[in-house]
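Chemist: Next up is a structure, given as structure tokens.
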Amino acid sequence: MKYIIPLIFTLAIAGPCLAAGRPQPGPRLYRTMADVERARLQIKQYPGLAKAHATSAKMTEDSVRRWRKQHPASNKHSADEWLALGAKSPRPPIPELLRNASCYALMPEKALGECIREQMLYCIGSRKAQGTWRDLGIHEGQRMLEFVKAYDLVSEAGILSGEERGIIKEEICRAGYFLEAWLLDNPATRFERGDLYCLNINIYPAAVLGIIAIGFPEHPESGRWLGVAREQIVKYLLTDFALDGGYGEGSAHYFQPIMEAILEFMTVCKNTGAYDYSKDPAVSAAVVRALTWRMDLMAPDGRNAAIGDAGRHWHGGREFELAARLFNKPDLSWAGRHMLALSQDFPATDSANALPDPLAADFSSEPSAPAHLYASYPWSGYAFFRSGWGATDNYFMFKYGPTWIGRRETETRAVMAGHAHEDALQIELHWKGKPLLVDPGVGGSYADYLNYGGYWKATIAHNTVGLGNPHGHDRLDGCYDEHVREHGADFRYEQEQRIIGRSDYTIHAMGDAGDACIASVSAKTLPDVVHTRSLLWLRDNSLALVFDRLDSDRTQPYEWYLNPIGRLLEKDGSFVFGDGQARLKVIPLLPEGTDTRIMQRGDPNVPPYYPPLRTDGKTGTFRWANTSLMIESVKSRTADLINILIPHGEKCPYVETKLGAKGCMLSSADDLILIGAANNDDRTLSVDEGAGFVRLAGGSASTYALFHGRSLALRGQTLVSCKLKSVEWASRYPFVLNALISPAGKRASFGLPPHPMEQGLVLEKIVSDKRPGIAPVEVEVSFKVDEKPRRVILRKSLVDMPSAAGPVAIPAAAGKVSKTILNFLRDSEPPFSYNESTNMLTVTIPSGASQLVWE
């Protein structure tokens, strides 16, 4: 090959001058000459794109070298001969072909063009002989999309004869029949793909079928195919994603190819004038919602939280840029470039898939960083809290929602089918940009039901709560094979979570009070068990309080799982895990009879299906692939488990002091935190039920929280209390309060149980004595603030806070609007009272979640 990397850069930047007299690419579907010129200029302007281009060019050079080693340039072959050679190959180099074509568009070098011609015919020969490149719809769709894009880049560049273009077009159109078959839902297709339904199996065939229809309108089926593709894409977008945009399969990895297929189809539609989805408000809003969810999934280091079958990677930056261009979303553009910038610090082998295509990237628009630091997705079940969007900020994720959305499953094996994991109510924690608790994603082969299913997909590998085995076997007894012989091949030392749907969880609280965030959710994650996880997270230092309440009608072997990064470094009532970069201190406040066990890589008798902890198992090269396992076990009918998580560097800033049997005081040079559970024997912090939290500044409570209780007091002085104002509902509304209050920030988040009529049919008409009609459910909440407010603004919401500017006035032209409707149309200014002597503010709060600000 004639060129080397320095020459490649010269060609890319000099462009048309050096390429004079050579055939120029004439893209039709994806890239125009304007795109090529912009790419050449941007490679010169942006170091990230320059590195991406250098990486791509080097890979192209290696590809051509390998190709020429197998097929020397002196051996000239006709089209028929290349087709015949390809027919003997089951795996043609299609991904390499697209990369080579992209490089050719930037630098149309003759030797590279000859190689592309040969590879194209070779790939077509393979498909003609087998009828497909890959049997599965998603993989065939991916390969065909890559091939069509490569063909689009070079079809008019003069490297293919008219006859050769005809052969290629004929096979591309023939692929349409295969892709269309994957969109059918009948016994014939189920015979091929089984009864398993996956979104990715259908989205890719639909998108690529539409692209083929647009690219080759002369084909007799193209008109019908385009109609089918448009209907299918919109259907899946609006049904297999949650209403809030969360990806239905619960997998960060599979979100990327699905969104790639959707955006590539919409790009072709817009470029060719077939349809402009950016002007379709319903579709564009759905796409932007999904991409915003994916953006919130991004951790400070630019990698995604590895939910479901995934790894921690930067994949998705290309889709952000493409969507930003289609829908004019500067924050998505910022996210893509942020991921690109962070990926430059890592080896090309890790970041190659995250690097953008220089031809596709459009940096002409000005990006702007997202403004929100709190995001709640109640339909798909995710909450994200962060201190900022920088690489050294703090980040906390809570995943609590459905196992999947819009899926059908008939898998009956012990291991859950699909790409979701048994990870409900799990958490992820990052401190100063460093991950300390992460979802392990997936390792090994999907077909490895023991390791993949028993560990990577299973509850044990996630930071949540599960059940031990009903036989009482110790997981370090070294008798796994014996247990399998006795109990069967599906024996595990732990029981897996059940598949949960939207009706299996209830959100009690979700909110952002500025310096801290709160979340509380109950879910039926385990057979005959209700698990309620309540969380408090401090924005400035990423400290987290995790309160788990477990309730069943019989004694259960509850197990609390934590997978901290690093090894156990200290153990003295509390536990410190970590490595040379960061540490995590775990302070348990547990009921009597709780057993705590730490397992680490190299421990003897580690179960064979725990790959990360086995000495013979493979672990990743990144620090988050090397974890310990902490298990808190208790046998009980009900149990309250409280754990405090403190991220820190070499030395923990807090000194821990016991505050009775069920409490803890954390003190540092400039901070004091009190935490306690109900019925504690130290009355410094008093909680009637559940648990309480107080952060002190200057002797006063700067932030305080109550979990599943009705009162919280500090040294005998009430901080927050509540009572049921609607006495008519007393027998049907056993209320408890979740509250997070920041007097300094003048913000609060409250959570009450849902209205009784939302939980089931109420046959009796509950009528108020004071006003006609069905009595409302109202709770009077009193809480301590710094000074008397001028006004209070309330919003019933799980997703955002009201504005301190107050409610927007309804125009007089709207006429008379009922108070009930007004509460849905805008924020309200509820009446309040204030006690000057106690500084207690009293407000009536409706059932469900409410957010308050005051001034």
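Chemist: Based on this model, can you work out whether Ser161 counts as under 30 Å from Thr32 (Cβ atoms), buried (at least 16 other Cβ atoms within 10 Å of the Cβ) and of a type in the set (Ser, Thr, Tyr)?
Modeler: On the way: under 30 Å from Thr32 (Cβ atoms): yes; buried (at least 16 other Cβ atoms within 10 Å of the Cβ): no; of a type in the set (Ser, Thr, Tyr): yes.
So Ser161 does not fit the description; no.
Chemist: Sticking with this one: Please work out if Arg224 is closer than 21 Å to Arg143 by Cα and among the basic types (Lys, Arg).
Modeler: Values: closer than 21 Å to Arg143 by Cα: no; among the basic types (Lys, Arg): yes.
No; evaluated as a whole, the condition is false for this residue.
Chemist: Quick one: Met665 ticks every box in (1) surrounded by fewer than 17 Cβ atoms within 10 Å (Cβ to Cβ); (2) without any contact (Cβ under 8 Å) to a residue 60 or more places away in the chain; (3) not in a loop (DSSP other than H, G, I, E, B) except a single one, so which number is it?
Modeler: (1)
Chemist: Find the residue count for the range 284-316, including only residues that are assigned to a helix (DSSP H, G or I), open to solvent by less than 10 Å² (accessible area, probe 1.4 Å) and touching a helix residue (DSSP H, G or I) at 6+ places or on another chain (Cβ under 8 Å).
Modeler: Result for the range 284-316: 6.
Chemist: Of all residues in the range 575-584, how many are closer than 24 Å to Thr459 by Cβ and open to solvent by 10 Å² or more (accessible area, probe 1.4 Å)?
Modeler: 1
Chemist: Run down Ala701, Ala639 and say which single residue is touching a strand residue (DSSP E or B) at 6+ places or on another chain (Cβ under 7 Å), more than 28 Å from Gly433 (Cα to Cα), crowded, with 21+ Cβ neighbours inside 10 Å and modelled with pLDDT under 95. Steps first, answer last, please.
Modeler: Details: Ala639 fails: modelled with pLDDT under 95.
Just one listed residue meets the conditions, Ala701.
Chemist: Inside the range 499-514, can you point out the residues that are open to solvent by less than 50 Å² (accessible area, probe 1.4 Å) and either in a loop (DSSP other than H, G, I, E, B) or touching a Leu at 6+ places or on another chain (Cβ under 9 Å) (or both)? It would help to see each step written out before you state the result.
Modeler: Taking the range 499-514 first, the residues open to solvent by less than 50 Å² (accessible area, probe 1.4 Å) are 500-501, 504-514.
If the condition is that a residue be open to solvent by less than 50 Å² (accessible area, probe 1.4 Å) and either in a loop (DSSP other than H, G, I, E, B) or touching a Leu at 6+ places or on another chain (Cβ under 9 Å) (or both), then Ile500, Gly501, Tyr505, Ile507, His508, Ala509, Met510, Gly511, Asp512, Ala513, Gly514 are the ones that fit.
Chemist: Among the aliphatic types (A, V, I, L, M), touching a residue at least 40 places away in the same chain (Cβ under 8 Å), under 23 Å from Glu321 (Cβ atoms) and not in a helix (DSSP H, G or I), is that true of Ala274?
Modeler: Numbers: among the aliphatic types (A, V, I, L, M): yes; touching a residue at least 40 places away in the same chain (Cβ under 8 Å): yes; under 23 Å from Glu321 (Cβ atoms): yes; not in a helix (DSSP H, G or I): yes.
Yes; evaluated as a whole, the condition is true for this residue.
Chemist: So which residues in the range 398-451 are outside any loop (DSSP other than H, G, I, E, B), at pLDDT below 80 and open to solvent by less than 50 Å² (accessible area, probe 1.4 Å), if there are any at all? Talk me through it step by step, then tell me what you get.
Modeler: The initial filter retains those residues of the range 398-451 that are outside any loop (DSSP other than H, G, I, E, B), namely 398-399, 426-431, 434-437, 449-451.
If we keep only those that are at pLDDT below 80 too, we end up with 449.
Of everything in the range 398-451, nothing turns out to be outside any loop (DSSP other than H, G, I, E, B), at pLDDT below 80 and open to solvent by less than 50 Å² (accessible area, probe 1.4 Å).
Chemist: Please indicate, with yes or no, whether at least one residue in the range 486-498 is open to solvent by 20 Å² or more (accessible area, probe 1.4 Å), in a strand (DSSP E or B) and at pLDDT below 95. Can you show your working first?
Modeler: Step one: list which residues in the range 486-498 are open to solvent by 20 Å² or more (accessible area, probe 1.4 Å), which gives 486-490, 492, 495-496, 498.
Now drop any that are not in a strand (DSSP E or B), which leaves 495.
Checking the rest, the ones that are also at pLDDT below 95 come to 495.
The answer is yes; a qualifying residue exists.
Chemist: Answer yes if at least one residue in the range 523-537 is open to solvent by 20 Å² or more (accessible area, probe 1.4 Å) and under 30 Å from Trp389 (Cα atoms), and no otherwise. Outline the logic, then answer.
Modeler: Quick first cut of the range 523-537, residues open to solvent by 20 Å² or more (accessible area, probe 1.4 Å) only: 524, 527-528, 530.
This time we only want the ones that are under 30 Å from Trp389 (Cα atoms), so: none.
For the range 523-537, residues open to solvent by 20 Å² or more (accessible area, probe 1.4 Å) and under 30 Å from Trp389 (Cα atoms): absent.
Chemist: Mind checking whether some residue in the range 258-272 is in contact with a helix residue (DSSP H, G or I) (Cβ under 9 Å, 6 or more places away or on another chain), under 15 Å from Ala242 (Cα atoms), modelled with pLDDT under 95 and not acidic (Asp, Glu)?
Modeler: Within the range 258-272, one or more residues are in contact with a helix residue (DSSP H, G or I) (Cβ under 9 Å, 6 or more places away or on another chain), under 15 Å from Ala242 (Cα atoms), modelled with pLDDT under 95 and not acidic (Asp, Glu).
Chemist: Right, next: If I ask for residues that are outside any helix (DSSP H, G or I) and open to solvent by 10 Å² or more (accessible area, probe 1.4 Å), which ones from the range 202-239 would you list? Spell out how you get there, then give the answer.
Modeler: Within the range 202-239, the first condition is being outside any helix (DSSP H, G or I), and the residues that meet it are 216-221.
Listed by number, the residues that qualify are Pro217, Glu218, His219, Pro220, Glu221.
Chemist: Okay, moving on. Would you check which residues across the range 368-397 are among the hydrophobic types (A, V, I, L, M, F, W, C), under 19 Å from His419 (Cα atoms) and open to solvent by less than 30 Å² (accessible area, probe 1.4 Å) and list them? Even if it seems obvious, please write down each step before you answer.
Modeler: Applying the first criterion (among the hydrophobic types (A, V, I, L, M, F, W, C)) to the range 368-397 yields 369, 371, 373, 375, 379, 383-385, 389, 391, 396-397.
Next, from what is left, pick out any that are under 19 Å from His419 (Cα atoms): 379.
Result: no residue meets the conditions.
Chemist: Additional query: Go through (1) at pLDDT 95 or above; (2) open to solvent by less than 10 Å² (accessible area, probe 1.4 Å); (3) outside any loop (DSSP other than H, G, I, E, B); (4) out of contact with any His (no Cβ under 8 Å at 6 or more places or on another chain) one by one and return the number of the condition Asn463 breaks.
Modeler: (3) is the only condition that Asn463 fails.
Chemist: Quick check on my filter: what residues within the range 620-636 are crowded, with 21+ Cβ neighbours inside 10 Å and small (Gly, Ala, Ser)?
Modeler: Ser628 - this is the single residue of the range 620-636 that is crowded, with 21+ Cβ neighbours inside 10 Å and small (Gly, Ala, Ser).
The values are calculated or read from the model by the stated rules, or taken from the named source; none is laboratory data. None of these values were measured; they are calculated from a predicted model. So basically every Cβ, Gly included, is an ideal-geometry build from the backbone, and we count neighbours across all protein chains shown. With ligands, DNA and RNA removed, areas are computed over all heavy atoms of the protein, side chains included. Shrake-Rupley method; radii C 1.70, N 1.55, O 1.52, S 1.80 Å.
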